[in-house]
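Enquirer: I am attaching a structure below and will ask some questions about it afterwards.
The values are calculated or read from the model by the stated rules, or taken from the named source; none is laboratory data. Computed from a predicted model, the values in this text were never measured in an experiment. Counting neighbours? That spans all protein chains shown, and the Cβs are built from the backbone with ideal geometry, glycine included. When the accessible area is computed, the model is the full protein with side chains, heavy atoms only, and any ligands, DNA or RNA have been set aside. Shrake-Rupley method; radii C 1.70, N 1.55, O 1.52, S 1.80 Å.
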Amino acid sequence: MIATLPRSERRNIRVLHVVGTLRAGGAETLVRELLPRFVRRGLDAAGGSGYEPRLSVDERAALTYPVFEGAKSGHFDVGFASRTIAAIRRFAPDIVHTHTVTGKYWGRACALASGVDVIVHTEHNPQQELPLWERPLARILAPRTKVFITFSARNADHIARREAVPRLAVIPNGIEIAPAPTATERQSARERLGAANDDVVIIGVVANLAPQKNQRLAIEAFARLAQRTRARLD
């Protein structure tokens, strides 16, 4: 439940992050891990999930921030827009920060319709050209977006070439690093992978099978490495 609080009565900036769902790929993980940090720093933060958030019962119970669900049923679910606008108006954010295609177009459009003053978009997609259906939407929404954020200079170059953005900032992506495994944990993991001997190098690639992830490059690099050492790609 997202409570309504007039801006004049607030003590902190209120930020709403809009994403397709809260559990899927890197963008969703970023939002899911970022929001608790906002809360710990005293900000009023909430998450907007266009589709079902895909969180377990325990994960929902552990949330320290509110989440609204747009319950989007498909690409042309018109009712999703009215539900999202209503949720944004109830939360009355100072900033709407969008992610993924759902946030980039539905999220920004609904934020504009809700009268939000500051809209920020983080671009996670490194594609060099926009699909034809996105181009007119990008031309309409880009001038009304305060800043675009991406994670690398290369990706920023792609964005600058494919669409006119008012301002582009590069903020390197950060992930939460788990403690290093103990020797026992490491050996147990290698045994589960069928490589108990330390002379076998195991290389793991974690990514969706999508062109943007360039899995082909990983396979080509591994092929060269395998010529020099005992290695296995998982």
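Enquirer: Which of Leu112, Leu168, Leu132 moves most in a GNM of the chain, Cα contacts under 10 Å?
Expert: Leu132
Enquirer: Based on DSSP H runs of at least 4 residues, each adding -39500 (n - 2.57), what is the mean residue ellipticity at 222 nm of the chain after dividing by all its residues, to the nearest 500 deg cm²/dmol?
Expert: Calculated at 222 nm, the ellipticity per residue is -10000 deg cm²/dmol.
Enquirer: Have a look at Pro66, Pro181, Pro136 and tell me which one the Gaussian network model of the chain (Cα, springs below 10 Å) gives the largest fluctuation.
Expert: Comparing Pro66, Pro181, Pro136 in the GNM, the peak value goes to Pro181.
Enquirer: Å³ per residue of the Cα convex hull, for region 23-123?
Expert: 100 Å³
Enquirer: What spacing in nm lies between the two simple spin-label points modelled at Ala180 and Val118, each 7 Å away from Cα in the Cβ direction?
Expert: Distance between label points: 4.0 nm.
Enquirer: Let me ask you something else. Under unit Cβ charges (Lys, Arg +1; Asp, Glu -1), what dipole magnitude, rounded to 20 debye, does region 136-234 have relative to its Cα centre?
Expert: In debye, rounded to 20, region 136-234 gives about 560.
Enquirer: Along the charge dipole of region 88-129, pointing to its positive end and built from +1/-1 on Cβ of Lys, Arg, Asp and Glu, which listed residue (Tyr105, Val118, Pro93) has its Cα farthest out?
Expert: Checking the options against the dipole of region 88-129, the answer is Pro93.
Enquirer: Evaluate the charge dipole of the chain about its Cα centre and quote only its size in Debye, nearest 20, assuming +1 on the Cβ of each Lys and Arg and -1 on the Cβ of each Asp and Glu.
Expert: 480 debye
Enquirer: By the gyration tensor of its Cα atoms, with a ≥ b ≥ c the square roots of the eigenvalues, what is the shape of region 67-106: rounded for a/c under 1.5, prolate for a/b over b/c, or oblate?
Expert: The shape class here is oblate.
Enquirer: Expressed as a whole percentage, what fraction of the accessible surface of the chain belongs to carbon and sulfur atoms when a 1.4 Å probe is rolled over the protein heavy atoms?
Expert: Roughly 56 percent, rounded to a whole number.
Enquirer: How much length is gained if the chain between His75 and Arg135 is pulled fully straight, taking 0.36 nm per residue apart and subtracting their Cα-Cα distance, in nm to one decimal?
Expert: Full extension from His75 to Arg135 adds 19.9 nm.
Enquirer: Rounded to the nearest 10 degrees, what's the angle between the helix 183-192 long axis and the longest principal axis of the chain, both from Cα atoms, 0 to 90?
Expert: Helix 183-192 sits at roughly 80 degrees to that axis.
Enquirer: Another question, then. So what are the ³J(HN,Hα) numbers for region 219-226, from phi and the Karplus equation (6.51, -1.76, 1.60; θ = phi - 60°), rounded to whole Hz, Gly and Pro as x?
Expert: Those phi angles translate into 5, 5, 5, 5, 4, 6, 5, 5 Hz.
Enquirer: Convert each backbone phi in region 152-157 into a coupling constant with the Karplus relation 6.51 cos²θ - 1.76 cosθ + 1.60 (shift: θ = phi - 60°), then list the ³J(HN,Hα) values in order as whole Hz, x for Gly and Pro.
Expert: Each residue's phi maps through the Karplus curve to give 8, 5, 5, 5, 4, 5 Hz.
Enquirer: Sort the following peptides by mean Cβ neighbour count (other Cβ atoms within 10 Å, averaged over residues), highest first: 192-203, 114-125.
Expert: Those peptides, ordered most packed to least, come out 114-125, 192-203.
Enquirer: Now for a different question. With every protein chain left in place, what is the accessible area per residue of the chain in square angstrom, probe 1.4 Å?
Expert: Ligands and nucleic acids excluded, the result is 61 Å² per residue.
Enquirer: I would also like to ask the following. Collect residues whose amide H, placed 1.01 Å from N in the peptide plane, falls under 5 Å from the amide H of Ile13; neighbours closer than 5 in sequence don't count.
Expert: Under 5 Å from the amide H of Ile13: Asp44.
Enquirer: Using the scaling law 2.2 N^0.38 Å as the reference, what is the normalised Cα Rg of region 155-234?
Expert: 1.58
Enquirer: For a test of the definition: using alpha carbon positions, the gyration tensor, and the 1.5 limit on a/c, classify region 95-234 as rounded, prolate or oblate.
Expert: Taking the square roots of the gyration eigenvalues as a ≥ b ≥ c, region 95-234 is prolate.
Enquirer: Where Rh is the Kirkwood radius over the Cα pairs of region 58-176, the temperature 25 °C and the viscosity 0.890 mPa s, what D in µm²/s does Stokes-Einstein return?
Expert: In µm²/s, the coefficient rounds to 159.
Enquirer: Identify, among Ile171, Ala142, Ala156, the residue whose Cα sits farthest towards the positive end of the charge dipole of region 78-172, taking +1 on the Cβ of Lys and Arg and -1 on the Cβ of Asp and Glu, with the dipole about the Cα centre.
Expert: Ala142
Enquirer: With r defined as the distance between the Cβ atoms of Asp198 and Leu225 and R0 fixed at 22 Å, what FRET efficiency is calculated, to the nearest 0.05?
Expert: 0.85
Enquirer: Still on this structure: Given 37 °C and 0.692 mPa s, how large is the Stokes-Einstein diffusion coefficient of the chain in µm²/s, with Rh as the Kirkwood radius over Cα pairs?
Expert: 164 µm²/s
Enquirer: For the Cα atoms of the chain, what angle does the longest principal axis make with the long axis of helix 78-91, in degrees from 0 to 90, nearest 10?
Expert: The angle comes out near 80 degrees.
Enquirer: What nm value, rounded to one decimal, do you get for the distance between Asn208 and Arg23 when each label is placed 7 Å out toward the C-beta?
Expert: Going by the 7 Å Cα→Cβ label model, 1.7 nm.
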